[in-house]
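*Asks:* I'd like to ask you about the structure that follows.
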Amino acid sequence: MTLAEVIESYPYLVAAGAAIVAWLTLGLLRRRTTMEMLPVPDGAEWLFGHEKTVFMNTPGVAYRKWISQLGLAFRIKAAFGARDILVLSDPTAIAYVLQKRIYDYHHSHVVRPRIARLLGKGLGWVEGEAEHKRMRHLVGPALTSENVKRMSGEIRAGALQVIDELTGHVQGAKDSAFVNILDWTGKATLNITGRVAFLHDFKAGNSEHAEQILTGRRQGTLMLLRRFPLLNDLPIPAIQSQGAAKMAIHSGIANELVRRDRDVLDAEAAAQQHKDLLTRLLAAHAKGDISKEELYEQISTFIIAGHETTTQSLGFTIFELARHPDVQEKLREELKQFPREPTYDDYQTQLPYLDAVVKETLRMYPALPYIERIAMKEDVLPLREPVHLSNGQVVSHLPIPAGQVVVIPAIAIQRQDSIWKDPDVFRPERWLNDMPPSEQLVSGWAHTLAFSDGPRNCIGLRLALFQYKVILQYLMERFRFHDTELDIFLKISSSLQAWVVDRPELGPALPVRVELL
Ligand code: HEM
């Protein structure tokens, strides 16, 4: 049979064959992009890429291994054939993304629906420079250091209400009780957030509203969501139950708070006289600057973002102090020796060991272990440490395409073996006299990414750190904490969570034994 006869007899088969040959030839001839030549770890699975390894292991562990093998910029294979993910630990590239170009790097299509579901479509969700700056400007004045100083009496009172209740609880248990410390740090931070940001009394975390919020349980994120974000909207309990706390706020307390709208008669005057968050939001609503829906979304954003992260972080501090009685005694001693009730400024400069304990906790246990963004435009990332590409080239600038997902693994960076000595050991002393050279470190708060960095860093940072130290101070004054010898493991839900080994029924938990002093 001649070629002409073959074509005539099997035209479709021949056309398909020609198309495959052309596709393969083009693929071979096409120049590979820099991203495609970045190092990639071994061990990708065909269906899950490297994502299963990342999510099934202790948070940060896989990234740490790959950083030590491949350097500060590499790619991993995403699940279900999604485009490779760029993993960045390079301080120069991170500062470029988070500080200089943050408005070109939106929350990714996995993260953004999760923020909407868990917190609301508030400040943490909004994208675009103009809109984000508008919202940040609206709420920012409520969270300045001046305003936190002004609220310090309320913050102390809110903390004490819960500390008194814990005292009663321990007395009732014959002066030594086994507790999940998250139950108590949760009540304390929610109580404070209610009092100072929303002029609302959560009754030491015992009101009906408080209980609904505190029991709004968070489950693990499904890896499928990266490839098929539409699944976010399906009525799957594991997905939708993540929003329980937000729904409870919208249908309960937000209504009650907004009813006070009527009391804000003169919006301008109110905004000037009252600098609390709720009044600022209500005044903006009264002026028509934000819709009623936006008002609700902001309320849930601030209640949840304001207490959830601080609850977990404080819990990790107490857990580590229980395991390190020497550190606990040293901290107690520093506080005992301090001649007065510490002020906001004292906490900043006069209590170095307390400060070191907080920094060490947030280094080891950043509430948001991975920061995930997507490049909205093509870009070129500057690198501090050049990378070796698979074609032998060494580059100190990394071109990336629009649509590139970038993961900044904060927990791995903050426990990076080549930078931090004994990275998995809780050792506050390192902050006083044993810090790595600053050029190796990122440029966020305390050279960590615990509060992210740049124009979209944590707006509640000052309130968070002040309430953190106030609650910790009271806990040290009243109680001694002991290790229960129960093992925990870490996992990532929306934030970093601790669970007790073989005790899933406890939910997220950090068990300690508490003794009255
Ligand atoms: C220890 C406590 C806290 C930690 C570790 C923490 C951490 C963070 C981090 C890492 C981000 C960046 C998130 C991202 O890039 O997607 C963030 C943003 C945010 N945080 Fe916090 N946070 C804490 C406490 C608070 C408090 C007390 C409030 C409010 C009263 C708050 C409100 C917010 C809001 C609204 C944003 C979004 C900011 C924006 O996008 O402009 N946080 N926080």
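Computed from the coordinates by the stated procedures, all read-outs in this text should not be read as laboratory data. Predicted, not measured: the structure shown is a model, and the values here were computed from it. Using ideal geometry, Cβ is built from the backbone for each residue, glycine included, and neighbour counts are taken over all protein chains shown.
*Asks:* May I ask you to list the aspartates and glutamates whose Cα is less than 19 Å away from that of LYS174, ignoring any residue fewer than eight positions away on the same chain?
*Replies:* ASP164, GLU165, GLU477, ASP483, GLU515
*Asks:* Another question about this same structure. Treating cross-link reach as a plain straight distance, find the lysines whose alpha-carbon is under 21 Å from the alpha-carbon of LYS121, omitting any fewer than eight places away in the same chain.
*Replies:* LYS133, LYS246, LYS287, LYS292
*Asks:* Which of rounded, prolate, oblate describes segment 137-217, given a ≥ b ≥ c as roots of the alpha-carbon gyration tensor eigenvalues and a/c under 1.5 marking rounded, otherwise prolate only if a/b is larger than b/c?
*Replies:* Values: a/c = 2.69, a/b = 1.80, b/c = 1.50.
Prolate, because a/c is 1.5 or more and a/b exceeds b/c.
*Asks:* Turning to a different aspect of this structure: Around GLU146, with a cut-off of 14 angstrom between Cβ atoms, what is the net charge of the other residues, counting Lys and Arg +1 and Asp and Glu -1? Present the calculation step by step, with values, prior to reporting the outcome.
*Replies:* Working: positive: LYS149, ARG150, LYS275, ARG462; negative: ASP276, ASP345.
With Lys, Arg at +1 and Asp, Glu at -1, the net is +2.
*Asks:* Now for a different question. Please turn the phi angles of segment 34-46 into ³J(HN,Hα) values with the Karplus equation 6.51 cos²θ - 1.76 cosθ + 1.60 (θ = phi - 60°), one per residue in order, whole Hz, x for glycine and proline.
*Replies:* Here the 3J(HN,Hα) series is 4, 4, 5, 9, 5, x, 9, x, 5, x, 6, 8, 5 Hz.
*Asks:* Using each residue's phi in segment 290-298, evaluate 6.51 cos²θ - 1.76 cosθ + 1.60 at θ = phi - 60° and report the 3J(HN,Hα) Karplus result to the nearest Hz, with x for Gly and Pro.
*Replies:* 9, 7, 4, 4, 4, 4, 5, 5, 5
*Asks:* A further question on this structure: For LYS77, go through the aspartates and glutamates and keep the ones whose alpha-carbon is under 18 Å away, minus same-chain ones fewer than eight residues off.
*Replies:* GLU36, ASP42, GLU45, GLU51, GLU372
*Asks:* For ARG101, enumerate residues with amide H under 5 Å from its amide H, sequence gap 5+ or separate chain, H modeled in the peptide plane.
*Replies:* Residues meeting the amide H criterion: none.
*Asks:* Here is a further query. Can you order the peptides 358-365, 69-76 by their average number of other Cβ atoms within 10 Å per residue, highest first? Provide the component values of the computation, followed by the final result.
*Replies:* Working: 358-365: 23.8, 69-76: 19.6.
Descending packing order for the listed peptides: 358-365, 69-76.
*Asks:* Something else about it: Given charges of +1 on the Cβ of Lys and Arg and -1 on the Cβ of Asp and Glu, with all other atoms neutral, how large is the dipole of segment 288-383 about its Cα centre, in debye to the nearest 20? Let's see the in-between values first.
*Replies:* On the way: 10 positive and 18 negative charges, 63 e Å.
Rounded to the nearest 20 debye, it is 300 debye.
*Asks:* What percent does the relative contact order of segment 27-148 come to when contacts are Cα pairs within less than 8 Å and at least six residues apart?
*Replies:* Relative contact order, segment 27-148: 17 percent.
*Asks:* Which ³J(HN,Hα) values, rounded to whole Hz and listed in residue order, are derived for segment 193-206 from phi using the Karplus coefficients 6.51, -1.76 and 1.60 in 6.51 cos²θ - 1.76 cosθ + 1.60 with θ = phi - 60°, glycine and proline given as x?
*Replies:* So the Karplus estimates, Gly and Pro as x, are 4, x, 5, 8, 9, 10, 6, 10, 9, 7, 6, 6, x, 10 Hz.
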